[in-house]
Amino acid sequence: MTDAHLNAANRHDFVLIFDVTNGNPNGDPDAGNLPRVDPETGLGIVTDVALKRKVRNYVQALKAGQTRFDIYVKQGAILNNQHRLAYEDMKKDPKAAKQDDILAAKKWMCNNFYDIRTFGAVMSTEVNAGQVRGPVQLTFARSVDPILGLDAAITRVALTKPDPKQAEGDQDVARSGTMGRKAYIPYGLYVAHGFYVPAFANDTGFSNEDLEVLWQALVNMWDLDRSASRGLTACRGLYVFSHSSPLGNAPAHKLFNLIKPERKPDVAVARSFEDYQPIHLDESTLPQGVTLKQFDV
């Protein structure tokens, strides 16, 4: 019998909790790459796009070379070239594609690319492979408490070229380093919410195996996203509310209200996950027809 949280025929709502220490979880290019922040509340923000990127990278590493688990949106990909793969396999000319050809191309793309089956994609570009609305959607992640965005000065001691003012015989050694900046926050605990709608899964061919890979990615993707700018990031909780029907048995927002991290009353400023109270949920209080899967992290 399939576990409730692995049943792609029914609805699921989930809460993802993660934290970052001395790092930048999601820089804003319009603000000098400073951590994204809500200017009214001071709460930190991580976009859904950033979270999906981590899922894609993890699945690409986990399922490298396996049929059905290629990644559509990846570094350096030319999307129209991806669409052409479908038409080449069908031995069709995309310039002469009719509606049936476009539908067949869309199905081929869903069958071969995990992120299209999961998140959907707009593929109605120069090489038309249709549009897909994915069954999995994520919200922006927001920090539980206001974050403190800092900007540290750093020095680069090895230069790419010599100072033009240096003498000709002294061109092999850099006279001095250049200055740079590194944006980070001391600590932030973030909460994101997600939704799985089986009605859209029927259109993309999203399966029980795909759902299992999604949960695995959300828990483990942080360990494949290491960089000097990220600091120490970690998944601190994944809570999946599984419904017993395709349409669901309770509103998502009421389920999300059951998972709310709170800072300990004697802690003025949180600087670690231990500064927050443990989350305890009495499953007997769940609405009828809803079960909870809490992943070990």
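Every read-out reported here was derived from the displayed coordinates using simple, explicitly stated rules and does not represent laboratory data. These numbers were taken from a predicted model, which means no experiment stands behind them. Cβ coordinates were reconstructed from backbone atoms using ideal geometry, including for glycine residues, and neighbour counts include every protein chain displayed.
In plain terms, the chain from LYS254 to GLN277 could stretch by 6.2 nm, reckoned as 0.36 nm per residue minus the Cα-Cα distance. Since only SER227, THR21, ASN257 are under comparison, the one whose Cα sits farthest along the positive direction of the charge dipole of the chain, derived from C-beta charges on Lys, Arg, Asp and Glu, is SER227. In a simple Cβ point-charge model (Lys, Arg +1; Asp, Glu -1; nothing else charged), region 75-128 has a dipole of about 100 debye relative to its Cα centre. Across the chain, C-alpha contacts under 8 Å between residues 6 or more apart give a mean separation that, scaled by the residue count, equals a relative contact order of 31 percent. Taking a ≥ b ≥ c as the square roots of the Cα gyration tensor eigenvalues, with a/c under 1.5 meaning rounded and otherwise prolate when a/b beats b/c, else oblate, which class fits region 1-83? Because a/c hits 1.5 or more and a/b fails to exceed b/c, region 1-83 counts as oblate.
Kindly identify region 1-153 as rounded, prolate or oblate by the Cα gyration tensor criterion: order the square roots of the eigenvalues as a ≥ b ≥ c, call it rounded if a/c is under 1.5, otherwise compare a/b with b/c, prolate if a/b is larger, else oblate. Prolate shape, in that a/c is at least 1.5 and a/b is the bigger ratio.
Here the chain is treated with +1 on each Lys and Arg Cβ and -1 on each Asp and Glu Cβ, and its dipole about the Cα centre works out to around 520 debye. The mean sequence separation of alpha-carbon pairs under 8 Å and at least six residues apart, normalised by the residue count of region 22-173, gives a relative contact order of 24 percent. Packing, taken as the mean count of other beta carbons within 10 Å per residue, orders the peptides 106-117, 253-264 from highest to lowest as 106-117, 253-264. The overall shape of region 10-57 is prolate: from the C-alpha gyration tensor, with semi-axes ordered a ≥ b ≥ c, the ratio a/c is 1.5 or greater and a/b exceeds b/c.
Helices that extend 15 Å or more along their long axis by alpha-carbon positions and average at least -1.0 on the Kyte-Doolittle scale are, among the DSSP H runs of the chain, 48-62, 99-112, 208-220. Full extension of the chain between SER245 and LEU103 yields a length gain of 48.3 nm, computed as 0.36 nm times the residue separation minus the alpha carbon distance.
Judged by the mean number of other Cβ atoms found within 10 Å, the most tightly packed of the peptides 82-88, 273-279 leads the ranking 82-88, 273-279. Given the choices (i) 15.9; (ii) 21.9; (iii) 19.1, mean projected area of the Cα convex hull in nm² derived from the coordinates of this structure is entry (ii).
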